[in-house]
Amino acid sequence: MSTRGSGTRRRITGTSLAAAAAVLLLAGCAGAVEASPSPSSASPSAPSAGPSPSPEETDAEAQGISATCDDLLADPSLSDATGSASSAEPDGLWSTAAEVAGGLVCGFDSSRLSGTIVALPADRAGSVAAAAEAACAPSYDAVECIGTGAADGMAVAVSFLAVEQTQAQTDLVTRLRDAALDAVRAADRAPLAEPAALPPSCTELGDAIDPSAVLRAEEVFPEPIMEGDLPFDRRTVEAAELVRACDWSELTDSRELQVVILPGGAEKWDEVSDRLGGTAASVDGADATEVQEDNRVRLLVRGSVDLILVEGRFGDPERAVSPEDLRTVAQKLLALS
């Protein structure tokens with residue numbers, strides 16, 4: 001299989017946005033680390049206040065959000081900021097990944113504003129910021145506004161797209177961020193479960209499944225066919241390392257293959273399979289559901305621990321990615337788990 005990097009692709013990425021987003025998503029984490037006292041700073045002769053908690057006791061005390069996106073958006077402060085927005089139907093596994101981690105990814109929409117709200121436990125948020133920042137920056141043919149902050153052990157990030165980069169938009173994302181923080185503070189909490197291990201890297205997965213065979217192409221690129229940046233919900237859950245999301249594509253017939261593995265997601269099988277719909281199937285004895293659409297086919301599989309979503313996309317239905325090839329990919333992924 002031949003693969004090339006992004007420099008050889010016809011892909012346009014919002015580089016200025018990426019830089020701004022990196023500052024917003026990363027700056028808070030560094031600040032939080034520096035503010036934490038080093039364990040070695042305590043005097044060795046100081047008397048102990050009691051036995052140190054075991055890892056199990058520490059994990060049991062960690063709290064995530066048990067509220068739903070509808071609950072969060074119904075908070076008076078957030079409802080006012082969004083114009084009484086309703087939650088948008090999620091697509092894929094990004095929102096489910098946040099829920100497994102004890103957080104939420106909520107798309108919302110109203111006549112006034114559409115965007116995304118992310119809330120994750122701070123110790124599982126990875127590079128999702130804990131600092132209070134808000135900014136807008138060009139993103140391909142639009143402007144993306146991002147606000148980040150922290151509330152009671154939760155990292156919060158909000159985002160929406162705008163037409164122009166103005167002070168009014170910066171003020172709006174600041175207001176949305178602050179309202180999201182208020183809603184998260186008021187949200188119900190529940191203990192966190194122990195996180196599952198992250199799957200192998202995309203390079204390792206590619207070696208195992210052979211994307212060139214699925215896409216029927218000798219030259220395969222390790223990225224999707226798109227212009228601009230990846231969606232905000234995907235970027236945040238990937239920054240938090242809550243999923244393994246991998247893309248491969250070929251340009252001759254514009255076909256794509258995507259694999260998303262959600263560690264610990266098997267427990268969400270009923271919820272996600274009902275949302276995606278499709279036809280019940282089985283892959284090597286594992287529960288599966290197959291969804292065929294005009295320009296893509298999806299295969300959701302429940303592993304023993306993880307949830308696996310394999311997706312093929314294509315421009316010409318006459319040269320579609322075949323469901324049989326997706327099942328072969330799923331078989332190989334199950335064998336790795």
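The values are calculated or read from the model by the stated rules, or taken from the named source; none is laboratory data. On a predicted model such as this, the values are computed, not experimentally measured, just so you know. For neighbour counting, all protein chains shown are included, and Cβ atoms are generated from backbone atoms with ideal geometry for every residue, glycine included. These area figures cover heavy atoms from the full protein model, side chains too; ligands, DNA and RNA do not enter into them. Shrake-Rupley method; radii C 1.70, N 1.55, O 1.52, S 1.80 Å.
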Compactness of segment 116-230, expressed as Rg and Dmax over alpha-carbon positions, Å
18.8, 53
So what is the accessible area of segment 136-294 per residue, in Å², with the probe set to 1.4 Å?
43 Å²
Of the peptides 83-90, 304-311, how do they stack up when ordered by the mean number of other Cβ atoms within 10 Å, highest first?
304-311, 83-90
Projecting the Cα atoms of Gly126, Gly147, Thr96 onto the charge dipole of segment 88-212, where Lys and Arg contribute +1 and Asp and Glu -1 at Cβ, the residue farthest towards the positive end is Gly147
Using 1/(1 + (r/R0)^6) with R0 = 25 angstrom and r between the beta carbons of Tyr140 and Asp274, what's the FRET efficiency to the nearest 0.05?
0.15
If you rank Glu164, Glu133 by how much accessible surface each has, with a 1.4 Å probe, what is the order from largest down?
Glu164, Glu133
So the FRET efficiency between Thr252 and Ala190, C-beta based with R0 = 35 Å and rounded to 0.05, is 0.10
Cα centroid separation, segment 183-233 to segment 264-278 (Å)
17 Å
Here the gain from full extension of Glu324 to Gln167, 0.36 nm per residue of separation minus their alpha-carbon distance, amounts to 51.4 nm
Would you mind calculating the gained length between Asp182 and Ala74 on full extension (0.36 nm times residue separation, minus the Cα-Cα distance), in nm to one decimal?
37.7 nm
